[in-house]
Amino acid sequence: MGWLGDDPAKAVRDALQKVLQDQVPDARLNWVRLQDEPYFLTGGRRSETDDNKVTVVRAGLAVGFELEVDDGAGNLERLQGMFSWVAAGLDTVGDRVDRTFFDLGMDLPTASSALDSRIYEL
């Protein structure tokens, strides 16, 4: 989870806030509850110098959520679904690419299957 920084929970919360504000600029995430165990996926390549080591080149996370969002005008909505985050280019400085997915109503088996392909779409 090092690819999410020193505070992965804050990184996920901040990314959720951004997704909501991309839809409604004044949206404010009041609270979020991550549900169940997250699904992780990593991809790598063998080290050229040591066959016992792998260099991580891409990673992904899918986690269920329930949240409450304020649209900025006092209207509250509770939403449930799956949040996914994939990153590629983790092995080179300056080449990292990230993409997030906000899937309302999706369950973990469906999100984990989608993550299997999304991690290679970058």
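Modelled this way, with points 7 Å down the Cα-to-C-beta line, the labels at Lys53 and Ala9 are 3.3 nm from one another. With respect to the chain, whose longest principal axis is taken over its alpha-carbon atoms, helix 108-118 is tilted by about 50°. For Gly74, the shell of other residues with beta-carbons less than 13 Å away shows a net charge of -4, using +1 for Lys and Arg and -1 for Asp and Glu. Between the entries [x] 0.96; [y] 1.12; [z] 1.17, the label attached to Cα Rg over 2.2 N^0.38 Å calculated for this structure is [z]. The calculated FRET efficiency for the pair Asn30 and Ser117, based on their C-beta separation and a Förster distance of 25 Å, comes to about 0.15. Karplus-based coupling profile of the range 57-69, in residue order and whole Hz: 10, 8, 8, x, 9, 10, 9, x, 9, 10, 8, 10, 10, with θ = phi - 60° in 6.51 cos²θ - 1.76 cosθ + 1.60 and x standing for Gly or Pro. The angle separating the long axis of helix 8-23 from the principal Cα axis of greatest extent in the chain is about 50 degrees. Legend: ranking of residues Asp107, Asp70, Asp95 from fewest to most surrounding C-beta atoms inside 10 Å; resulting order Asp95, Asp107, Asp70.
Bear in mind that the values in this text are calculations on the coordinates, not laboratory data. Please read these numbers as outputs of a predicted model, since none were measured by experiment. Virtual Cβ from ideal backbone geometry, glycine too; neighbours counted across all protein chains shown.
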